[in-house]
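What follows is one structure encoded as structure tokens, with my remarks underneath.
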Amino acid sequence: MNDQPARSAPWSETDGVFLLRSVATAMVRLSDIASPGTFALPYPDEAQRALNNMVLNCLMLKARPPESLPHLVEWAAQRPLDRWPITLPPDAVPPGSLLLDKATRQPTQLCYEWAVDAEDSGARYSEQRYMAAASSRCREENYPEAYQAFRLLLVRRPVLTHRELTTIPAAADGDLGPLVDLMHDVYQPAPAGYLDRERRSYTACARCHTLLHLTTEDGLWCERQRCRNLDTVRRGREYQADDGGGVQLLIRPLRQWVSEPGAMETRLARQLTAIGADVELWPGFGAYGMRVRLPDDTVLAVDHKDWASPALLGRRATMPSPDPPYDRCVWVIPAARLRDQPAFRTTFERYRWSASPELMTDRELLRAARQLPETGRVGTRYADSGDEPTGGPF
Ligand SMILES: [Zn+2]
């Protein structure tokens, strides 16, 4: 009936899982306040707690503990997680992965994924409270155009000058209506780690338009894996530090969980439209990423999910709200992710809680969509019947 790998029971909340979440949260917290490695006593509570827990864990495992918080930061930037003295469920961390980027000491994407896995800090480091606020304000005022303009602005303009922020209509494609206030929460003055002190300027990535971070060797680094996969850094727009009253950067959770998938969704939407699908981005005030009516009339709810950890992604596998309704739901990952991590799909399947959504690469989705005949409706909508549809490539 199904050829998916057998699923393990969801992982128990082992000490190792708690500990890794605690260290990841500490690294994210430290990156908020300073360049890790330059902070001073007293350490933030989260960081001190993570250090204490780590030391205790090492003593129990008879391993050599980190001697100080700067030492723990060095572990995070130098020692792959699969070589930490932590007992974790199988495949909980991708081999060779780090919590901090070596060249910038900035939290990696994986570090944020672990931080949002923690219940007590998850809301703080995820995009959800901002996006939920945007959604409910626009829903209350029945203003879907403002919601769409907001999402597009976050995708296209992760960097704004202060003047652009205060004259939003000039930066956005449409009227942001009730969301103007929220803009001042989600855009913040660009942190010092991005500033070239000699030139007194910030440089944006030519590919994704977010700011490039300075490396410890005076190079430039893009936080998006997709940009880093493409040979060298490409310099885009340069902002003088005082341009337009100062440079504002979209906060990291929104860059990671909204801008980046949004850029992939807009690209996939264009590709699907080109093969005859009818696509609506962020329908139902962001109920899911895109609603796709395929040439055979099947309706998909599609979300782009480019996660570093297939285990943590699997733990989040749930179906989106059925408003607006759909026949099937699909989580799309970039084909490059599977090339880099051949066990991605197997690990995701092992850790998922529910049979839906289906996991596909962008290429698989496009290939399957191209093969569809243009026929009438197939399947039954989840929202109408609660039954799973059968048959066909979707
Ligand atoms: Zn980039």
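The values are calculated or read from the model by the stated rules, or taken from the named source; none is laboratory data. Note that the coordinates shown come from a computational prediction; the quantities given were computed from them, not determined experimentally. Don't worry about glycine lacking a Cβ; one is built from the backbone with ideal geometry, like all the others, and counts go over all protein chains shown. Surface areas here come from the heavy atoms of the whole protein model, side chains and all, with no ligands, DNA or RNA. Shrake-Rupley method; radii C 1.70, N 1.55, O 1.52, S 1.80 Å.
Below are the figures for this structure:
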item	result
Segments 150-158, 188-196, 97-105 sorted - mean Cβ within 10 Å per residue, highest first	150-158, 97-105, 188-196
Size of charge dipole - the chain - debye, nearest 20, with Cβ of Lys, Arg +1 and Asp, Glu -1, no other charges	920 debye
Within the accessible area of the chain (1.4 Å probe), percent carbon and sulfur	48 percent
For the chain, calculated [θ]222 nm from helices alone, where every DSSP H run of n ≥ 4 adds -39500 (n - 2.57)	-11500 deg cm²/dmol
Per-residue ³J(HN,Hα) for the range 274-286, Karplus 6.51 cos²θ - 1.76 cosθ + 1.60, θ = phi - 60°, Hz, x for Gly and Pro	5, 9, x, 7, 10, 10, 10, 7, 6, x, x, 6, x
Debye-sum result for the range 254-385 in log10 I(q)/I(0), which assumes one identical scatterer on each alpha carbon, at q = 0.12, 0.13, 0.19 Å⁻¹	-0.44, -0.52, -1.13
Descending principal axes extents, the range 55-199, alpha-carbon based, whole Å	59, 43, 23
Percent antiparallel among DSSP beta bridges (both partners in the chain, rounded to 5)	70 percent
Solvent-accessible area per residue for the chain (1.4 angstrom probe, square angstrom)	46 Å²
³J(HN,Hα), Karplus 6.51/-1.76/1.60, whole Hz, each residue of the range 185-197, x for Gly, Pro	8, 8, 10, 10, x, 4, x, 4, x, 9, 8, 7, 5
Solvent exposure ordering (accessible area, 1.4 Å, most first) of Arg328, Arg224	Arg328, Arg224
Dipole of the chain, positive direction: furthest Cα of Leu300, Phe150, Ile86, with charges on the beta-carbon	Ile86
Two-decimal ratio, the range 15-125, of alpha-carbon radius of gyration to 2.2 N^0.38 Å	0.96
Mean shadow area of the range 78-122 over all directions, Cα convex hull, nm²	3.5 nm²
Computed over the chain, Kirkwood Rh from alpha-carbon pairs, angstrom	22.5 Å
Under Karplus coefficients 6.51, -1.76 and 1.60, residue-wise ³J(HN,Hα) of the range 65-79 in Hz, glycine/proline x	x, x, 8, 6, 5, x, 5, 5, 5, 5, 4, 4, 8, 10, 9
